[in-house]
Amino acid sequence: MRSSNPVFSRRGFGRDNGYAGFNTAPQAGGPAVATQANPYAQPTGNPYAQNPYAQQQQYGAPPQAPAAAGRMTIDDVVMRTGTTLGVLVVTAALSWALLPVDDANISRSYGIGIGAALIAMVLGFVQAFKRKASPGLILTYAAFEGVFLGVISSIVDNRIADGAAMQAVIGTMAVFAGVLVAYKAGWIRVNRRFYGFVMAAALGFILLMAVNLLFAVIGGGDGLGFRSGALGVLFGVIGIILGACFLALDFKQVEDGIAYGAPREEAWLAAFGLTLTLVWIYLEFLRLISILNSD
């Protein structure tokens with residue numbers, strides 16, 4: 001079970017990690033045999049031997065793994081996700097309270113927020129390229145991300161749109177609940193085609209935003225206009241929809257991880273992936289609200 005956010009995770013593309021890629025065929029010799037060195041060896045349909053979407057057609061729904069000590073449960077995922085989000089919320093609240101955004105202090109507070117965002121981004125990439133979850137690294141990422149979110153939320157809420165932060169929180173919670181209900185009801189089917197579509201759409205979206213930022217830095221203003229006016233609203237909505245798709249991927253990987261008996265430490269990666277996705281959705285809501293309320 002790996003983070004499915006394609007921006008921050010390379011898991012799932014190499015043959016030497018938990019997922020061996022979409023085109024991997026079952027290994028010759030039949031199912032793996034448990035040994036003393038590997039007591040949890042699974043048949044080749046196990047997503048810890050290859051990507052869960054690759055063999056979905058051949059193996060059907062993933063079998064429920066027998067209960068065993070040290071295996072990930074939904075309680076583990078909920079607890080670790082709650083811990084990670086709790087750290088993020090606390091540091092966001094502290095930065096909101098301690099870093100004023102009035103005319104005299106906004107430059108300093110904004111600089112601190114951007115610095116925290118850069119540190120959080122580096123920590124996120126470090127965790128994404130690690131083979132195992134590092135709880136300390138994930139919680140440190142959440143702390144720095146919270147500082148950035150607190151500053152940027154305070155700026156938007158106090159200087160652009162009063163109440164924007166609460167509206168973005170409510171919107172994020174609504175998307176999370178809606179996707180969860182749709183996923184559990186079977187209205188969203190996460191398979192190989194869905195994964196490929198989300199990956200391609202996300203890469204295209206990020207590339208356009210990067211080009212827009214480059215033009216804004218070089219030419220000033222809003223760059224190509226992808227983050228302002230009617231076009232900005234459209235891309236804000238697209239960003240939220242992509243975030244909802246990331247949530248569906250996260251739910252699928254949590255479900256498969258539990259079904260196939262993922263080790264308990266994988267719950268930290270689930271928390272990391274869900275936190276990344278929720279931050280993405282929140283920022284897109286905040287950006288969309290600021291565009292709608294700007295002159």
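The values are calculated or read from the model by the stated rules, or taken from the named source; none is laboratory data. These numbers come from a predicted model, not from an experiment. Here Cβ is always computed from backbone atoms with ideal geometry, including for glycine, and neighbour counts include all displayed protein chains. Side chains included, ligands, DNA and RNA excluded: accessible areas come from the protein's heavy atoms. Shrake-Rupley method; radii C 1.70, N 1.55, O 1.52, S 1.80 Å.
Brief remarks on what is shown
- Considering region 250-277, and only residues there that are touching a Phe, Trp or Tyr at 6+ places or on another chain (Cβ under 7 Å) and part of a helix (DSSP H, G or I), the residue that is farthest from Lys184 (Cα to Cα) turns out to be Leu276.
- Matching residues, region 124-148, being surrounded by fewer than 17 Cβ atoms within 10 Å (Cβ to Cβ), under 27 Å from Ala165 (Cα atoms) and in contact (Cβ under 8 Å) with a residue 40 or more places away in the chain: Phe125
- Filtered by the rule that a residue be part of a helix (DSSP H, G or I), of a type in the set (Gly, Ala, Ser) and free of Cβ contacts under 8 Å to residues at least 60 places away in the same chain, region 222-239 gives Ala230, Gly232, Gly236, Gly239.
- Candidates are the residues of region 149-175 that are open to solvent by 70 Å² or more (accessible area, probe 1.4 Å) and among the aliphatic types (A, V, I, L, M); the one that is farthest from Ile281 (Cα to Cα) is Ile160.
- Scanning region 236-268 for residues that are within 13 Å of Thr73 (Cα to Cα) and of a type in the set (A, V, I, L, M) turns up Val254, Ile258, Ala259, Ala262, Ala267.
- Hits in region 112-159 - residues which are aromatic (Phe, Trp, Tyr) and either more than 20 Å from Leu274 (Cβ to Cβ) or assigned to a helix (DSSP H, G or I) (or both): Phe125, Tyr141, Phe144, Phe148
- Residue match in region 215-223 (condition: in contact with an Asp or Glu (Cβ under 7 Å, 6 or more places away or on another chain) and either among the aromatic types (Phe, Trp, Tyr) or modelled with pLDDT under 90 (or both)): yes
- Enumeration of residues in region 81-111 that are β-branched (Val, Ile, Thr) and not in a loop (DSSP other than H, G, I, E, B): Thr81, Thr83, Thr84, Val87, Val89, Val90, Thr91, Ile106
- Single residue of Leu203, Leu242, Leu247 found to be open to solvent by 40 Å² or more (accessible area, probe 1.4 Å) and outside any loop (DSSP other than H, G, I, E, B): Leu203
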